[in-house]
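Scroll down for the structure; my scribbles are underneath it.
Values in this text are rule-based calculations from the coordinates and carry no lab data. The model shown is predicted, which means the values in this text are computed figures rather than measured ones. Backbone-built Cβ (ideal geometry, glycine too); neighbour counts: all protein chains shown.
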Amino acid sequence: MTLAVLLGGLVLLSLLGVPLAFAILGACLATLMIFRPHLPLELMAQHVVNGIDSFPLIAIALFLFAGELMNAGGITRRIVDFAATLVGHIRGGLGHVTVLASMIISGISGSAVADAAATGSVMVPAMKRAGFPPAFSAALCETAAVMGPIIPPSIPMVIYAILVEASVGHMFVGGIIPGVLMGLLLMGMVWIISMRRGYAKGTWGGMAAVATAFTAAIAALATPVIILGGILGGVFTVTEAGAIACVYCGLVAVFVYRQLTLKEFWRSLVTAAQGTASVMLIVGASGVMGWMIADLQINKEAAALLLSFTTSDWVFLTVVNVFFLIVGMFMDPLAALIVFVPILMPAVQALAIDPIHFGVVIVINLMIGLCTPPVGYLIYLMANVANEPPQAVIRESLPFLGVLVFVLILVTYIPALTLALPQYFLG
Amino acid sequence: MNHPQPATQNESAEQTLLFRLPDLLAAVLLFVITFLVTAQVLVRYALGGSLVWSEELTRLLFVWMVLVAAITAPRMQVDFLVDLLPPRLRAFQRILVEFVVMGLTIVLIQGAWGMMDLRQFDTYIALGISVSWIYLSLFLAGFAWLLRSLATVVAHWRTLTGLT
């Protein structure tokens, strides 16, 4: 009953167009007034502030800031040049370059939108000059950007880990194999399509060209190594890794590539702060919801309801995947994560599903939602960059979406893909 | 990171001026946060010590940064349904939504005031300052959120009456 009021209120307010953070607050307020009328309303303010007041969550702001600096400071450009010398000569040349550059950039930025903005701005015009249809290039940049939050660092994984009190480090490392798998299979799909349509390939410049590009890019390429190495080696926490990445990207952009202007630096700070606020306001509101779910034992109600349908972990994961793919069509992935994960977690625990495995599955699933209409932010972003109608981009993205869903299925039913690396490195 | 759609379509000159100040403050706060977290690592490895107050201060500044940046930040919302509405109905819907937002903001402002009152004698262990400082961010930012909502209402009211 409480679950119905809470979720019903949330859906109603959201569909009316109330910003999600306030839709969550409104639904909580209504539930409170019906079921706990004697409680003081100060609780709302208290839990909003407590929901934001967390050291690990600061990583979100820092990784967003690092991503902005990477784009403003010419780091993206060097990574693309390096990728071009490595895989540009394969059939479908620049398509492979897009995927490889996206993988490397994923190791610096934790957000798919930052990833798409980075590769899209460079690769779409370059591929157009090389004779690729713009809609194809846009679709490829869009789907390759999904790796951004799968290959560490990852903003949605930070949020998930905080929500379920899991280790951020384990989540990050769990994303490595699925992310790399995505990249390799996307390249395979680029190759198949390119063979069929006869897309161009570049020429192999020899190891000397690779070495030259590597030297030019080495400062940029070191960023993912520093971030991941630092976290894996226990040198610093995830939040600290974010700050180090910002300082490193800033220094490289100013002193090595000499490309970062004061104005761009300032714009990076403002964009990162605003991006953080958009997400964190919802996280804060969900602080109220999290407390209420526990207080009114809504999670038990939800778990009992879910477990009355099935007690098989495979069936549960399948149903959850289908549910989130549908939700992802209409809702922002981070918002969906924050709203639904606390409700689902008791059932996940009851079925003895590993929370790290579940988290990686959910994050991959919801990130695919960024590429599915009608609410797929990346579609419109890339259609805009390529100056193509969204429908054309959607049509071209179908084979790549197929690849992503295939990886999602593999990761869902083979837990070792997620869990082997964290167990090996972090125990 | 997500959905940088324009918050209000009718952004006027006075609004941009109003928007500059929170952006400035949020940017400075993020800069200081980056600095503090980096300093924490450097002090630990270079000097072998630790800045005991730095984590508390960073978290306090982060809450301020989020709530202040939220004054101007685009708000994530589900708008594929309301986008289908004709312009006048859409303006009406936006006004309605802003009243819901303002109502909830007032609940938060009142709550923040209550919490400041309740916790004024509790102090941060390392910083030594009152815990009320953290709730002050919500209290002050809340008033700015109200201003933003009012500006949106006025803008859409103009659309609504302008088209009549």
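Please grab the % of Cα pairs in segment A:297-372 that end up more than 20 Å from each other.
Result for the distance tail: 26 percent.
Would you compute, from DSSP H runs of 4+ residues alone, the mean residue ellipticity of the protein assembly as shown at 222 nm, taking -39500 (n - 2.57) per run and dividing by the full residue count, rounded to the nearest 500?
Theoretical 222 nm ellipticity from helices: -25000 deg cm²/dmol.
With each pseudo-label sitting 7 Å past Cα toward Cβ, what's the B:Phe92-B:Leu24 distance in nm, one decimal?
Once both label points are built, they end up 4.1 nm from each other.
Bins of 10 Å, beginning at zero and ending with the bin holding the largest distance: percent of Cα pairs per bin for segment A:236-347, please.
Pair shares across the bins are 11, 27, 26, 19, 12, 5, 0.
With N denoting the number of residues in the protein assembly as shown, provide Rg(C-alpha) divided by 2.2 N^0.38 Å, to two decimal places.
Here the Cα radius of gyration is 0.95 times the empirical estimate.
Let a ≥ b ≥ c be the square roots of the eigenvalues of the Cα gyration tensor of segment A:1-44; is it rounded (a/c under 1.5), or, if not, prolate (a/b larger than b/c) or oblate?
oblate
Beyond 19 Å, what share of the Cα-Cα pairs of segment A:207-289 remains, rounded to the nearest whole percent?
Result: 58 percent of Cα pairs exceed 19 Å.
Shape call for segment A:136-221 from the C-alpha gyration tensor, a ≥ b ≥ c root eigenvalues: rounded (a/c under 1.5), prolate (a/b greater than b/c) or oblate?
Oblate is the answer for segment A:136-221, as a/c is 1.5 or above yet b/c matches or exceeds a/b.
Give the lysines whose C-alpha is closer than 24 Å to that of A:Lys128, dropping any in the same chain fewer than 8 places away, or say none.
Output for A:Lys128: A:Lys201.
With labels modelled as points extended 7 Å from the Cα through the Cβ direction, what inter-label distance (nm, one decimal) is found for A:Thr310 paired with B:Leu140?
Going from the A:Thr310 label point to the B:Leu140 one covers 5.1 nm.
Could I get the Rg over Rh figure for chain B? Both from C-alpha atoms, Rh via Kirkwood, rounded to two places.
Using only Cα positions, Rg/Rh for chain B is 1.09.
Return the average number of partner chain Cβ atoms within 10 angstrom of each residue Cβ along peptide B:78-88.
Average per residue, whole number: 4.
Please list the non-local residues whose amide H lies under 5 Å from the amide H of B:Thr123, H modeled 1.01 Å from N, same-chain partners needing a gap of 5 or more.
Sorted by chain and number, the residues that satisfy this are B:Val131.
Can you tell me, using C-alpha contacts under 8 Å and at least 6 residues apart, the relative contact order of chain A as a whole percent?
With pairs under 8 Å counted, the relative contact order is 26 percent.
Apply the Debye scattering formula to segment A:116-180, with a single equal point scatterer on each alpha-carbon and no solvent, then give log10 I(q)/I(0) at q = 0.19, 0.24 Å⁻¹.
-0.72, -0.89
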